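Colleague: The following block contains the structure, expressed as structure tokens.
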Amino acid sequence: MSTKVEINTGTYLTFRIGSEDFAVDVLTVREILELVRITQVPKTPEFMKGVINLRGSVVPVVDMHIKFGLPAEERTVNTCIIVMEVNIRDEVVVLGAIADMVKEVTYIDAENIEPPPRIGTTVDVEFIQGIGKIGEDFVIILDINKVFSEEDIKLVKSVGRQREEE
């Protein structure tokens, strides 16, 4: 017996990290960029790859492979940066997330979303809103506001400020 997840379903951006497909609410996505030069910032955690210049603004970039504890993948022509708005304690922070490929923007009906499994996932279930079914495939729907801890966001913000001051 399965229980349906109470989620405000809607339109999602789907993307791949390693061999897994993920989705985030399209309203959190600002834009998708080709992989550009990332300026490294010393003394930051491994998942923090550095910062990029986005039309004059400093945007911190994180590697989702490392954040999720997945094996690193070789960068390809499909590798991109998904620029998102993360909301932590009513504060919006813009950051970029490296993904292996963007798949599509799609609508997932509430009837096709199940609660996150308690075992057997490569991602901490605290990050997962649910598992969406698209045709015969499954996609892990992330709660992007829970993927990053308050400490992560403080770090991201401080790195952005540090680079702006330089």
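The values are calculated or read from the model by the stated rules, or taken from the named source; none is laboratory data. A quick note: this is a predicted structure, and the numbers were derived from the prediction, not measured. No Cβ is skipped: glycine too gets one built from the backbone with ideal geometry, and neighbour counts run over all protein chains shown.
Colleague: Looking at the range 1-28, I want the residues that are at pLDDT below 55 and have a partner that is loosely packed, with under 14 Cβ neighbours inside 10 Å with Cβ atoms under 7 Å, at least 6 apart or on another chain. Which pairs are those?
Modeller: Matching pairs, first to second residue: THR9/ASP109.
Colleague: Of the residues that sit in the range 52-72 and are crowded, with 18+ Cβ neighbours inside 10 Å and β-branched (Val, Ile, Thr), which one is nearest to ARG30 (Cα to Cα)?
Modeller: Residue satisfying both the conditions and the ranking: VAL59.
Colleague: May I ask you to list the residues in the range 73-101 that are out of contact with any helix residue (DSSP H, G or I) (no Cβ under 9 Å at 6 or more places or on another chain), surrounded by fewer than 17 Cβ atoms within 10 Å (Cβ to Cβ) and in a strand (DSSP E or B)?
Modeller: Of everything in the range 73-101, those that are out of contact with any helix residue (DSSP H, G or I) (no Cβ under 9 Å at 6 or more places or on another chain), surrounded by fewer than 17 Cβ atoms within 10 Å (Cβ to Cβ) and in a strand (DSSP E or B) turn out to be VAL92, MET101.
Colleague: Right, next: Closer than 21 Å to ILE52 by Cα, more than 16 Å from the chain's Cα centre (by Cα), modelled with pLDDT under 90 and assigned to a helix (DSSP H, G or I) - does that describe any residue in the range 106-129?
Modeller: no
Colleague: Would you be able to tell me the number of residues in the range 59-89 that are modelled with pLDDT of 90 or more, under 17 Å from LEU155 (Cβ atoms) and either of a type in the set (A, V, I, L, M, F, W, C) or in contact with a His (Cβ under 8 Å, 6 or more places away or on another chain) (or both)?
Modeller: Residues flagged as modelled with pLDDT of 90 or more, under 17 Å from LEU155 (Cβ atoms) and either of a type in the set (A, V, I, L, M, F, W, C) or in contact with a His (Cβ under 8 Å, 6 or more places away or on another chain) (or both) within the range 59-89 amount to 6.
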